[in-house]
Amino acid sequence: MPKHLRLILISLGLITLQTTIVSFMSVLNIIPDLMLIWIVYIAVREGQIPATVYGFGIGLVMDLLSGQFLGLSALSKTIAGFLAGYFYHENKIDITLSNYRFLVIVGVISLVHNIVYFVVFTQGSDVGLFTAIFRFGMFSMLYTTALSSIPMFIAMRKPQLR
């Protein structure tokens, strides 16, 4: 199966999980962002341009499904994919995916994603920017980072070629 077709099918499957099952994992109305973990994974595995393109596509599909603020998820996930692409290194893909660096990358990218998202989302609302970032953004970042340990442990179990 071609690489991009496989990535698109996995993305559609994860979007289905994100919009259906992940809402049952909420803790105080905070849910992890599986799509952000997937975008960072694509960035580390494939590079900056594929991560940016997939970030935009995934964000646009999420916007169309939610119907809340068309373009906001597309913007924030595009920026996240672009920034995560800076952590791509052709010779260190397996090393990055299988240790704590992946968690750090997901945490940093999730924080930037949430700041961009809430800067736009809170415009014209009664909720303050700092309240939104600290109440929802920080906890969402921590939850997403904790959940990203699952693909990290899976990558650790994969036999390394030496």
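Taking a cut-off of 22 Å between Cα atoms, list the lysines near residue 77, but don't count ones fewer than 8 places away on the same chain.
Within the straight-line cut-off, residue 77 pairs with 3.
Rank the residues 3, 77 as a footprinting-exposure proxy: fewest other Cβ atoms within 10 Å of their Cβ go first.
Details: 3 10, 77 31.
Starting with the residue having the fewest Cβ neighbours, the order is 3, 77.
Give the Cα extents of the stretch 62-154 along the principal axes, in whole Å, largest first.
Principal extents (largest minus smallest coordinate, Cα): 46, 23, 22 Å.
Tell me, 53, 119 in order of fewest to most beta-carbon neighbours within 10 Å?
With the sparsest Cβ surroundings first, the list reads 119, 53.
Considering Cα pairs under 8 angstrom that are at least six residues apart, work out the relative contact order of the stretch 3-157 and quote it in whole percent.
24 percent
Going by how many other Cβ atoms sit within 10 Å of their own, how do 98, 140 line up, fewest first? Mind dumping the intermediate values first?
Values: 98 18, 140 23.
In increasing order of surrounding Cβ atoms, one gets 98, 140.
Report the net charge of residues surrounding residue 87, where surrounding means a beta-carbon distance below 14 angstrom and charges are Lys +1, Arg +1, Asp -1, Glu -1.
My count for the surroundings of residue 87 gives 0.
Taking the Cα centre of the chain as origin, sum charge times position over the Cβ atoms of Lys and Arg (+1) and Asp and Glu (-1), and report the length of that vector in debye to the nearest 20.
Dipole of the chain, to the nearest 20 debye: 540 debye.
Residue 99 to residue 3: extension gain in nm, 0.36 nm per residue of separation minus the Cα-Cα distance?
On the way: separation 96, 0.36 × 96 = 34.56 nm, distance 2.42 nm.
Here the answer is 32.1 nm.
Between residue 90 and residue 157, take the C-beta separation as r, use R0 = 22 Å, and let me know the FRET efficiency to the nearest 0.05.
Step by step, r from the Cβ atoms, then E = 0.45.
Divide the volume of the convex hull of the Cα atoms of the chain by its number of residues and quote the answer in cubic angstrom per residue.
It comes to 113 Å³ per residue, whole-number rounded.
Readers should treat all values here as calculations from the given coordinates under stated rules, not as data from a laboratory. Keep in mind it's a predicted model, so treat the numbers as computed, not measured. Cβ coordinates were reconstructed from backbone atoms using ideal geometry, including for glycine residues, and neighbour counts include every protein chain displayed.
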